[in-house]
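Take a look at the structure set out below.
The values are calculated or read from the model by the stated rules, or taken from the named source; none is laboratory data. Just so it is clear, the model here is predicted, and its values are computed rather than measured. Methodologically, a virtual Cβ is constructed for each residue, glycine included, from the backbone with ideal geometry; neighbour enumeration extends over all protein chains shown.
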Amino acid sequence: MNYLWAFIVGGLLCAIGQLLIDKTKLTPARILVFYVISGVFLTVIGVYAPLVKLAGAGATLPLTGFGYALANGVKKAVEADGFLGIFTGGLTATAGGITVAVVFGFIIALIFRPREK
Amino acid sequence: MNDEQYSKIVNNYAPSSPLFTDMLKAFFAGGILCLLGEFFRSFLISADFSVTTASTWVSIMVIIIAQILSGFGIYEKAAKYAGAGFSVPISGFANSVVSPAIEYHTEGLILGLGAKLFTIAGPVIVYGITSSVAAGIIYYIGGLLK
């Protein structure tokens, strides 16, 4: 059942992104920014955590899930460290993904050359 | 045959709305990607990883695979068919980190490769962190009111 929800929720989040790309003039970069902010917002109003529970990777892999990780991290950090947590929580929770994307991206970009279009 | 009849016939042969097919493609591509991610996540959770750790590992694996495929130019080709199905997931973010960096590699290691890694990651991280601080302030005030 979990797998079915992962497929449906993940698929729907992507289909909504496609709708936004086709119907508005939003570029993929803007969609990504929009998705991250939406993920933070939906987490704060309490909608996204139940969605993650239901759909797992279907909710964490789309970039709204990155927003969820940021907001969820900040929530835990504020609970543990108080005011300082406002500034440490987001990046702490997402450090793994950001670091791998940057370091591995750096290595790949060093190895590969631009190809003919 | 008048114009109305003509357009009726043309409409019968025209492919169904590109919006609908685009969304269907994005739905299936994104759905299958998330399904595979969930297989891996469930496996990690069953191997005693915490839910948060498992989710982070899945994201990391997807990022690495997407960037290798981007290096070979395969990710972009697949994304042409999958549309948002491959650009909205974190693999699309990973691709957006690496492809401008490859493109501008020839302009040097610092302002070429080094700077262009953040062409799209930069704004995503700027707005992500800023909104997370806003969320943190809300959580902090919420905690004070308890």
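It is to be established whether one or more residues within the stretch B:16-32 are small (Gly, Ala, Ser), modelled with pLDDT under 95 and surrounded by fewer than 22 Cβ atoms within 10 Å (Cβ to Cβ). Spell out the reasoning first.
Applying the first criterion (small (Gly, Ala, Ser)) to the stretch B:16-32 yields B:16-17, B:26, B:29-31.
Narrowing further to those that are modelled with pLDDT under 95: B:16-17.
With surrounded by fewer than 22 Cβ atoms within 10 Å (Cβ to Cβ) added as a condition, the list becomes B:16-17.
Among the residues of the stretch B:16-32, at least one is small (Gly, Ala, Ser), modelled with pLDDT under 95 and surrounded by fewer than 22 Cβ atoms within 10 Å (Cβ to Cβ), which makes the answer yes.
Run down A:Leu19, A:Leu26 and say which single residue is out of contact with any Pro (no Cβ under 9 Å at 6 or more places or on another chain), at negative phi, free of Cβ contacts under 8 Å to residues at least 60 places away in the same chain and assigned to a loop (DSSP other than H, G, I, E, B). The unique qualifying residue is A:Leu26. If only residues of the stretch A:46-76 that are part of a loop (DSSP other than H, G, I, E, B) and small (Gly, Ala, Ser) are counted, the one that is farthest from B:Gly142 (Cα to Cα) is A:Gly56. Being farther than 11 Å from A:Pro62 by Cβ, at the interface with chain B (Cβ under 7 Å from one of its Cβ atoms) and surrounded by 17 or more Cβ atoms within 10 Å (Cβ to Cβ) is the filter here; which residues of the stretch A:9-28 pass it? If the condition is that a residue be farther than 11 Å from A:Pro62 by Cβ, at the interface with chain B (Cβ under 7 Å from one of its Cβ atoms) and surrounded by 17 or more Cβ atoms within 10 Å (Cβ to Cβ), then A:Gln18, A:Ile21, A:Asp22, A:Pro28 are the ones that fit. With the structure loaded, tell me whether A:Thr43 is under 15 Å from the mean Cα position of the chain (by Cα), outside any loop (DSSP other than H, G, I, E, B), modelled with pLDDT of 95 or more and polar (S, T, N, Q) or whether it fails that test. Answer is yes for this residue. The set of residues from the stretch A:81-97 being more than 7 Å from chain B (Cβ to nearest Cβ) and within 13 Å of the chain's Cα centre (by Cα) comprises A:Ala93, A:Thr94, A:Ala95. Scan the stretch B:68-85 for residues that are surrounded by fewer than 24 Cβ atoms within 10 Å (Cβ to Cβ), among the hydrophobic types (A, V, I, L, M, F, W, C), part of a helix (DSSP H, G or I) and within 8 Å of another protein chain (Cβ to nearest Cβ) and the total you get is 1.
Answer yes if at least one residue in the stretch B:49-65 is in contact with a Cys (Cβ under 7 Å, 6 or more places away or on another chain), among the aliphatic types (A, V, I, L, M) and part of a helix (DSSP H, G or I), and no otherwise. Quick ask: steps written out before the conclusion?
Initially, the stretch B:49-65 is screened for residues in contact with a Cys (Cβ under 7 Å, 6 or more places away or on another chain), giving none.
Among the residues of the stretch B:49-65, not one is in contact with a Cys (Cβ under 7 Å, 6 or more places away or on another chain), among the aliphatic types (A, V, I, L, M) and part of a helix (DSSP H, G or I), which makes the answer no.
Take A:Tyr48 and decide whether it is aromatic (Phe, Trp, Tyr), under 21 Å from B:Gly122 (Cβ atoms) and in contact with a Gly (Cβ under 7 Å, 6 or more places away or on another chain). Steps first, please.
On the way: aromatic (Phe, Trp, Tyr): yes; under 21 Å from B:Gly122 (Cβ atoms): no; in contact with a Gly (Cβ under 7 Å, 6 or more places away or on another chain): yes.
No, not satisfied.
One residue stands out in the stretch B:43-63 among those that are out of contact with any strand residue (DSSP E or B) (no Cβ under 9 Å at 6 or more places or on another chain) and touching a residue at least 12 places away in the same chain (Cβ under 8 Å): the one that is surrounded by the fewest Cβ atoms within 10 Å (Cβ to Cβ), namely B:Trp57.
Filtered by the rule that a residue be within 30 Å of A:Asn72 (Cα to Cα) and at the interface with chain A (Cβ under 8 Å from one of its Cβ atoms), the stretch B:98-113 gives a lone residue, B:Val98. Return yes or no: is B:Val133 facing another protein chain (nearest Cβ under 8 Å), surrounded by 24 or more Cβ atoms within 10 Å (Cβ to Cβ) and part of a helix (DSSP H, G or I)? So B:Val133 fails the test.
Among the residues of the stretch B:16-28, what is the count of those that are in a helix (DSSP H, G or I) and more than 7 Å from every other protein chain (Cβ to nearest Cβ)? Selection size over the stretch B:16-28: 5. The number of residues in the stretch A:35-52 that are free of Cβ contacts under 8 Å to residues at least 24 places away in the same chain and at the interface with chain B (Cβ under 9 Å from one of its Cβ atoms) comes to 1.
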